[in-house]
Amino acid sequence: MNRWFSILLLIIIVAAIGGVVLTRYRTLAAPEQPIAYNHQTHVENGVQCLFCHASAMRSDIAGIPSVKKCMGCHNMIATDNPEVQVLQSYWEQNEPIPWVRVNRQPDFVYFSHQAHLQGGINCETCHGDVGQMQVARPVLNMDMGWCLDCHLKQSQDKVVRLADCLTCHK
């Protein structure tokens with residue numbers, strides 16, 4: 001058992017140090033989106049993250065709002081805005097907006113938005129201050145070392161058991 005603990009500890013240290021030094025804090029590019037959605041404008045007008053990404057509180061994924069959700073406001077608000085008119089065309093054609101994911105975890109990683117939000121972690125911890133971004137972009141590489149570092153900073157009663165790889169890996 002002691003051998004396995006030593007191997008796990010070595011993996012954690014290498015991932016934590018290597019992730020910080022090599023990848024974690026570099027600026028990552030924003031993907032090209034079908035609509036130039038401005039998070040900053042929405043936040044300045046009082047729209048909270050969880051209004052559009054409501055499933056984050058009740059499921060593992062945060063979700064991307066439907067065209068219907070967007071049109072709930074934009075059938076009357078900013079209808080002369082060219083980007084809202086693009087939204088309107090998706091609505092009229094009964095088509096979903098083909099958004100490109102901004103943040104992605106590998107398929108072998110399990111992450112629950114619900115568990116983290118219920119644990120008191122806010123959106124900005126992982127996604128940066130999206131409310132100040134005109135174009136949403138990833139602010140850091142959410143690699144294993146970064147996740148482990150955050151968990152290690154939490155009090156022991158809140159921490160996911162780090163010795164169980166299957167907590168985060170499928």
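Would you please put 67-74, 103-110 in order of how densely packed they are, using the mean number of other Cβ atoms within 10 angstrom per residue and starting with the highest?
Final packing ranking: 67-74, 103-110.
Given Cβ point charges of +1 (Lys, Arg) and -1 (Asp, Glu) and nothing else, what value in debye, to the nearest 20, does the dipole of segment 49-170 about its Cα centre take? Present the calculation step by step, with values, prior to reporting the outcome.
On the way: 10 positive and 12 negative charges, 56 e Å.
Rounded to the nearest 20 debye, it is 260 debye.
Accessible area of segment 70-130 with a 1.4 Å probe: how many percent of it is carbon plus sulfur? List each step's numbers first, then the result.
On the way: 2230 of 4090 Å².
Solvent-exposed carbon and sulfur of segment 70-130 make up 54 percent of the total.
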| Could you state the number of Å between the C-alpha centres of segment 25-62 and segment 77-129? | 5
| Most to least accessible of 130, 135 (protein chains only, probe 1.4 Å) | 135, 130
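The values are calculated or read from the model by the stated rules, or taken from the named source; none is laboratory data. All figures in this text were calculated on a predicted structure; none of them were measured in a lab. Methodologically, a virtual Cβ is constructed for each residue, glycine included, from the backbone with ideal geometry; neighbour enumeration extends over all protein chains shown. Surface accessibility is based on the protein's heavy atoms, side chains included, excluding ligands, DNA and RNA. Shrake-Rupley method; radii C 1.70, N 1.55, O 1.52, S 1.80 Å.
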